[in-house]
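Everything on this sheet refers to the single structure shown next.
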Amino acid sequence: MSSNSIRVFAPASVSNVGPGFDIMGFAVKFPGDEIIIRKRNDRKLRITKITGVKTKLPMNISQNTAGVAIKAMLKELQVNVGLDIEIHKKMEVGSGIGSSAASAVGAVFAANKLLSLKQSKNQLLNFALAGESIASGAIHADNVAPALFGGFILIRSYNPIDIIRIPTPKNLYCSIVFPQIQIKTIEARRILPAEVNLKTACNQAGNAAGLIAGLITSDFNLIARSLVDHIAEPRRAKLIPIYDQIRNSAFEAGAINCNVTGSGPSMFAFSDSQIKAIKIAQSMEASVKQTNTKCVSYVSKINHIGPKVLD
Ligand code: HSE
């Protein structure tokens with residue numbers, strides 16, 4: 001890092017994690033975004049470069065998640081500086097693994113360091129959320145919070161925001177497959193029910209509590225049977241034509257369970273060893289490729305660090 005520029009990495013994240021719609025997520029080690037910020041001699045905020053995605057992302061600072069996040073921060077803190085922002089994406093937009101959150105988090109994390117603004121992660125969270133809301137049309141922190149804090153995060157409450165870090169088993173591995181069909185979060189939220197009935201709410205709460213208990217006590221069996229979403233996944237599964245094939249291939253390769261991440265189309269599976277996680281990723285990838293759909297897969301442990309300065 002020079003005094004005039006900084007390059008940071010901000011991770012992708014798996015959100016919802018089965019029963020935790022809008023309230024649970026965890027960061028992964030790879031992929032993630034690289035954000036470079038340089039000071040300017042004037043007071044302009046500009047996005048100068050976006051690489052790594054097929055989708056055209058807005059270069060307009062007020063329409064881009066990274067731009068909106070930084071703008072919100074500078075406005076709130078009354079800092080008058082000019083910045084050039086480069087966004088190098090390592091994951092596709094609309095993939096369900098927190099692409100917009102990684103950009104927003106990377107941007108505020110980088111600006112905070114570069115400008116020595118001394119904001120805590122709790123303070124940065126609000127700015128990153130402002131950026132995320134541009135992309136998804138709603139305030140949900142289950143990608144932004146894990147990308148920013150690292151680890152497995154429970155958002156116990158939104159008003160006031162209450163972020164709880166949940167310990168996870170040391171040998172918990174995640175395999176992710178991204179079939180290259182695009183699902184926009186904003187659209188995938190529109191198909192969700194406005195209300196759920198009491199029985200569904202009870203089942204969801206039981207699984208959410210079970211998942212947290214399973215993670216804390218390293219009870220893989222409990223984690224496996226708790227990874228069930230009664231609210232979003234039944235509706236969203238229909239947006240992923242190869243949903244059943246991906247799940248079956250994950251189970252065949254030894255996954256303890258497999259769900260949609262975020263609003264999809266990516267799906268993730270948990271397992272208890274690296275060897276199994278690699279096998280599961282290969283198996284999920286093969287099932288997608290059988291349908292002539294392009295895809296990429298990732299294997300990662302939980303990333304407990306979150307964003308980091310590269311140089
Ligand atoms: N919780 C959000 C949703 C995550 O499911 O809409 C979006 O990535």
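No lab work stands behind these numbers, since they all come straight from the coordinates. Since this is a predicted model, take the numbers as computed values, not measurements. Cβ sites come from the backbone with ideal geometry, for glycine too, and all protein chains shown count toward neighbours.
Applying Stokes-Einstein at 4 °C and 1.567 mPa s to the Kirkwood radius of the chain, computed over alpha-carbon pairs, gives a translational diffusion coefficient of 67 µm² s⁻¹.
Which whole-number percent is the relative contact order of the range 1-121 (Cα, under 8 Å, 6+ apart)? Don't skip to the end; give the middle numbers.
Values: 248 pairs, mean separation 40.1, N = 121.
Relative contact order comes out at 33 percent.
For 218, 157, 120, 100, what's the fewest-to-most ordering of other Cβ within 10 Å of each Cβ?
Values: 218 15, 157 11, 120 8, 100 27.
Arranged by neighbour count, lowest to highest, 218, 157, 120, 100 become 120, 157, 218, 100.
Listed by Cβ neighbour count within 10 Å, with the fewest neighbours leading, 276, 118 appear as 118, 276.
The GNM of the chain, with springs linking C-alpha atoms under 10 angstrom apart, assigns the highest mean-square fluctuation among 260, 17, 288 to 288.
As a proxy for reagent exposure, ranking 79, 14 by other Cβ atoms within 10 Å from fewest up yields 79, 14.
Extents of the range 26-170, taken as max minus min of Cα coordinates on every principal axis and listed largest first, are 47, 35, 29 Å. For the chain, modelled as a GNM whose springs connect Cα atoms under 10 angstrom apart, the maximal fluctuation among 96, 214, 264 occurs at 214. Ordering 290, 117, 278 by Cα displacement along the dipole of the chain toward the positive end leaves 117 in first place; charges were set at the Cβ atoms of Lys, Arg (+1) and Asp, Glu (-1).
Can you tell which of 195, 92, 34 shows the greatest fluctuation in a Gaussian network model of the chain with Cα springs below 10 Å? Result for the chain, Cα springs under 10 Å: 195 fluctuates most.
At q = 0.24, 0.28, 0.33 Å⁻¹ the log10 of I(q)/I(0) for the range 263-302 amounts to -0.82, -1.01, -1.20, computed by Debye summation with a single uniform scatterer per C-alpha, solvent ignored.
Tell me, what are the semi-axes, in whole angstrom and largest first, of the equivalent ellipsoid of the range 112-257 as set by the roots of 5 times the Cα gyration tensor eigenvalues?
Working: eigenvalues 148, 86, 62 Å².
Equivalent ellipsoid semi-axes, largest first: 27, 21, 18 Å.
Inter-part distance, the range 98-142 to the range 1-45, computed on C-alpha centroids, equals 7 Å.
Each peptide among 165-173, 25-33 gets the average number of other Cβ atoms lying within 10 Å of its residues, and from highest to lowest they stand as 25-33, 165-173.
Taking Cα atoms of the range 173-301, Rg/Rh with Kirkwood Rh, to two decimals?
On the way: Rg = 14.8 Å, Rh = 15.1 Å.
So for the range 173-301, dividing Rg by the Kirkwood Rh gives 0.98.
Across the range 173-301, Cα pairs under 8 Å and at least six residues apart give a relative contact order of 40 percent. Cα centroid separation, the range 70-85 to the range 235-305: 39 Å.
Sorting check: for 232-243, 174-185, 50-61, which peptide has the highest mean count of neighbouring beta carbons within 10 Å, and how do the rest follow? Before the final figure, lay out each step's value.
Details: 232-243: 17.4, 174-185: 22.2, 50-61: 14.2.
Result, highest mean first: 174-185, 232-243, 50-61.
Charged side chains reduced to their Cβ positions (Lys and Arg at +1, Asp and Glu at -1) give the range 173-301 a dipole of some 280 debye around its Cα centre.
Using just its DSSP H runs of length 4 or more, each adding -39500 (n - 2.57), the chain gives a mean residue ellipticity at 222 nm of -11000 deg cm²/dmol after division by all residues.
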